[in-house]
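**Q** Sharing a structure below in structure tokens format, with a few things to ask.
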Ligand code: HPA
Ligand code: ZN
């Protein structure tokens, strides 16, 4: 009980949250109505019932369908503000928010509408928040490069780039040139790797893309040499416990390797990934993991410390929260 209170109350940073994955079914229906978009689901309950995933792809299909109701700058603002308020209630002090511009520009929504709506909410919201633009790895590198070009007028609103969507079959090296370009622009670099994909994808995210954090990365433990390197470099892993269960990376929370990652000396953090789809925001992720695994107050402190240490923030700003 004391531990639960501590997990909820401790200041934390969230480093792995897809803003489109924070779109709750109720808001999907509200935006559909507001925008005259028809949904293939009769009700909020029917939509929620469809959230039964077997793997990453089965989730992504529904996640992209949900995002189809986002059309105006106000829609992006409302979605982002709802997340920031919910995160503040979990004592998140700082969030680095992923967004997927290609999911929207492919539907004819202007890039500017997407960035301005999300960014304005970050300015108005109750917590510190910055933006990381993700490339969809199931699309081509040419399309990623075109997206980076489109982002140039908004360079000051974006702190970094990431890589998400279908992992297996789309290794990091497919995006070597666009990440090199982003690096030259002074953007921070992250990539999803080792969620469903093999440890080799974590290695190429480091060696080919030069990323500064690995999103998920839980499959690193399959490779002892890679694990030793990640420990040596204190490379942050943005672990998402509930996501891993819902997408069947692990069968049950008791099988999560979060405790083993910490025991190995890895810089693991706890995050929500797509909270509207996976059954909870960041504190729900801490609570579910601590309920199922042998984790104590020291692990809690370590995870919160890791979250600020891995944040793309000035050291002085982090210190205030640590
Ligand atoms: N993995 C890959 N792509 C994603 C995810 C994820 O967990 N969430 C949203 N897009
Ligand atoms: Zn993710």
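The values are calculated or read from the model by the stated rules, or taken from the named source; none is laboratory data. This one's a predicted model, so the numbers in the text were calculated from it and none came from an experiment. Positions of Cβ are generated from backbone atoms using ideal geometry, with glycine treated the same way; all protein chains shown enter the neighbour counts.
**Q** Tell me the helices (runs of 4 or more DSSP H) entirely within region 10-98 that contain at least 2 residues that are within 16 Å of ligand 2 (Cβ to nearest atom) and more than 30 Å from residue 319 (Cβ to Cβ).
**A** Values: elements: 25-35, 44-49, 56-67, 73-89.
The helices (runs of 4 or more DSSP H) meeting that bar are 56-67.
**Q** If you don't mind, there's one more thing I want to ask. Does residue 182 satisfy being within 16 Å of ligand 2 (Cβ to nearest atom), free of Cβ contacts under 8 Å to residues at least 60 places away in the same chain, farther than 27 Å from residue 293 by Cα and part of a helix (DSSP H, G or I)?
**A** Taking the combined requirement at face value, the residue does not satisfy it.
**Q** May I ask you to say which residue of 59, 76, 98 is modelled with pLDDT of 95 or more, crowded, with 19+ Cβ neighbours inside 10 Å and touching a strand residue (DSSP E or B) at 6+ places or on another chain (Cβ under 8 Å)?
**A** Answer to the check: 98.
**Q** In region 246-256, which residue that is away from ligand 1 (no atom under 12 Å from the Cβ) and in contact with a helix residue (DSSP H, G or I) (Cβ under 6 Å, 6 or more places away or on another chain) is farthest from residue 21 (Cα to Cα)?
**A** 254
**Q** Follow-up. For a quick check of your reading of the model, give me the residue pairs whose first member lies in region 28-54 and is farther than 28 Å from residue 244 by Cβ, whose second is loosely packed, with under 11 Cβ neighbours inside 10 Å, with beta-carbon atoms closer than 9 Å and at least 6 apart or on different chains.
**A** Within 9 Å, the pairs are 32/38.
**Q** Which residue is farthest from residue 273 (Cα to Cα), if the candidates are limited to region 202-216 and must be away from ligand 2 (no atom under 14 Å from the Cβ) and assigned to a helix (DSSP H, G or I)?
**A** Residue satisfying both the conditions and the ranking: 207.
**Q** Considering only residues that are surrounded by fewer than 17 Cβ atoms within 10 Å (Cβ to Cβ) and part of a loop (DSSP other than H, G, I, E, B), which ones fall in region 217-236?
**A** The answer is 233, 234.
**Q** Name every residue in region 77-99 that is over 14 Å from the mean Cα position of the chain (by Cα) and within 16 Å of ligand 1 (Cβ to nearest atom), in order of residue number.
**A** Within region 77-99, just 79 meets the criteria.
**Q** Further, regarding this structure: Looking at region 105-128, is at least one residue farther than 20 Å from residue 17 by Cβ, within 16 Å of ligand 2 (Cβ to nearest atom), at pLDDT 95 or above and not in a helix (DSSP H, G or I)?
**A** Checked region 105-128: no residue is farther than 20 Å from residue 17 by Cβ, within 16 Å of ligand 2 (Cβ to nearest atom), at pLDDT 95 or above and not in a helix (DSSP H, G or I).
**Q** From 170, 192, which residue is within 16 Å of ligand 2 (Cβ to nearest atom), touching a residue at least 12 places away in the same chain (Cβ under 8 Å) and assigned to a strand (DSSP E or B)?
**A** Step by step, each of 170, 192 is checked, and only 192 is within 16 Å of ligand 2 (Cβ to nearest atom), touching a residue at least 12 places away in the same chain (Cβ under 8 Å) and assigned to a strand (DSSP E or B).
**Q** Answer yes or no: is there a residue in region 298-320 that is touching a helix residue (DSSP H, G or I) at 6+ places or on another chain (Cβ under 6 Å), assigned to a loop (DSSP other than H, G, I, E, B) and farther than 21 Å from residue 8 by Cβ.
**A** no
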